[in-house]
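Before any comments, here is the structure.
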Amino acid sequence: MFANDYCLKILLIIYQQNQKNIFPCAADVSKILDIHITTVSKYLELLTKFHFINKDQIFNKPGKPSYYKTQIDDLTINLEFSLMAKKLDKMIQKPKFQNVLIREKPNLSPRVEYLFKNDGTIKKLIVQQKTKAKRIIRRNIVLSNIESNFMKYLPYPTMEFQSFTDICNNAGIYDIITIKTLLPFLKKLERYNIVEIKQI
């Protein structure tokens, strides 16, 4: 369960916030750690399942956030590193995306606009598409911090293809669960012809 330190970080944040009488939701934890809310939600569900934290929905309505508090004040964790390493090896060997090479496609139309943050990373993609009726529609793709960082290291059209995992490593993304959250984003980039993908 604790093969990745996100679990421990999330547990610690909830504990620290609870000490201030604050009960964070998934979005709060996501902002503090600067990781995607999907990743945070997966770990929160895991911590809830094993009774490390409690989930409380103040407004019992669909779409309303759940708030979390630690179930116990004192916690001792014994880490079996050999077992964790074996599990992590299996997780890393399974994904097929390691055999994928990627680079950006030339933007000839120009069909894609890039809106940048102050630090030079992309915050939004605006994709122009023609409908069958030859109307132009614009689709906005707002990037998370992880997606924005991934795009920063995506090879340009004139550069050599790079593997998906190499791009993730260059972007400082090593956590297998976070990497998996990038796959739908990668498929979206392919669907809108922003990247070209080759199998090794």
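Computed from the coordinates by the stated procedures, all read-outs in this text should not be read as laboratory data. The structure displayed is predicted, hence computed values, not measured ones. Here Cβ is always computed from backbone atoms with ideal geometry, including for glycine, and neighbour counts include all displayed protein chains.
Using 28 Å as the Cα-Cα cut-off, could you pick out the over-long pairs in LYS31/LYS105; LYS9/LYS188; LYS42/LYS130; LYS152/LYS188? Working shown, then result.
Values: LYS31/LYS105 32 Å; LYS9/LYS188 30 Å; LYS42/LYS130 37 Å; LYS152/LYS188 17 Å.
Over 28 Å apart, Cα to Cα: LYS31/LYS105; LYS9/LYS188; LYS42/LYS130.
Please find the FRET efficiency linking ILE22 to ASN145, where r is the Cβ-Cβ separation and R0 is fixed at 25 Å, and quote it to the nearest 0.05. All intermediate terms of the calculation are to be shown ahead of the outcome.
Details: r = 22 Å, r/R0 = 0.90.
It comes out at approximately 0.65.
When the chain is fully extended, how far beyond the present Cα-Cα distance does GLU160 get from ILE126, taking 0.36 nm per residue of separation?
Values: separation 34, 0.36 × 34 = 12.24 nm, distance 2.51 nm.
Here the answer is 9.7 nm.
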